[in-house]
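The values are calculated or read from the model by the stated rules, or taken from the named source; none is laboratory data. Please read these numbers as outputs of a predicted model, since none were measured by experiment. All Cβ positions, glycine included, derive from the backbone under ideal geometry; neighbour counts span all protein chains shown. When the accessible area is computed, the model is the full protein with side chains, heavy atoms only, and any ligands, DNA or RNA have been set aside. Shrake-Rupley method; radii C 1.70, N 1.55, O 1.52, S 1.80 Å.
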Amino acid sequence: QNEGTLTSSGSVTASGQVYNLGSGSTITVTSSGSLSNSGQVDNEGTIDNAGTWTLSGLGGSLDNTGTVTNSGTLNNSGSLHNDGGTFTNTASGTVTQSSSAGLYNLGGTLTNAGTMTGGEYQNVVGGTWNNTGSITGASFVFNSSTWNNAGTLATDYLQNEGTLTSSGSVTASGQ
């Protein structure tokens, strides 16, 4: 449980739950640092990743109601839920998902200016997804809210039940 400031320039491994509680709590992974977790991360504060962050296995997940900024590498083979929070993948950020992994924006604001590959992406419950970067190799993209695409969106299957506005490229190669 973190209610202060945790900075990793080395390696941090967690197999249980990690709680980053309160608006003043901060977890920072520097460019030389790494954070690996196979348990659940509950974030109410701020997580700033410039290094390598790995969410692994079925238990590896993030539930974000705070602020997450990724300017490094985030490897997701679990699930990432932006539950009313703010998730930003900067121009230098990379999010790589396994085929069974998912990134879900549930009523929050998700901004991608970097690279996202693999897995599935869902924008629901009044969420806003702003993409100026690239999302490629996705198995499934679902939108029932607001999705603004000025970048690249390439998926096997796209289901839109909301508002998808694109001045970029959208490709659905499957159904």
*Criterion: among the hydroxyl-bearing types (Ser, Thr, Tyr), over 30 Å from Thr171 (Cβ atoms) and in contact with a Phe, Trp or Tyr (Cβ under 9 Å, 6 or more places away or on another chain) - qualifying residue of Thr73, Thr67*: Thr67
*Could you grab me the full set of residues in the stretch 142-157 that are open to solvent by less than 50 Å² (accessible area, probe 1.4 Å) and touching a Ser or Thr at 6+ places or on another chain (Cβ under 9 Å)?*
Asn143, Ser145, Trp147, Asn149, Gly151, Leu153, Ala154, Thr155
*Options Asn112, Asn37: the member that is over 27 Å from Asp156 (Cα atoms), crowded, with 20+ Cβ neighbours inside 10 Å and in contact (Cβ under 8 Å) with a residue 12 or more places away in the chain*: Asn37
*asked:* Taking the condition of being under 19 Å from Gly24 (Cβ atoms) and either surrounded by 18 or more Cβ atoms within 10 Å (Cβ to Cβ) or of a type in the set (Phe, Trp, Tyr) (or both), how many residues in the stretch 66-95 meet it?
replied: 5
*So which residues in the stretch 1-51 are under 17 Å from Asn82 (Cβ atoms), part of a loop (DSSP other than H, G, I, E, B) and not acidic (Asp, Glu), if there are any at all?*
Ser23, Gly45
_When you scan the stretch 126-141, do you find a residue that is aliphatic (A, V, I, L, M) and open to solvent by 50 Å² or more (accessible area, probe 1.4 Å), even just one?_
no
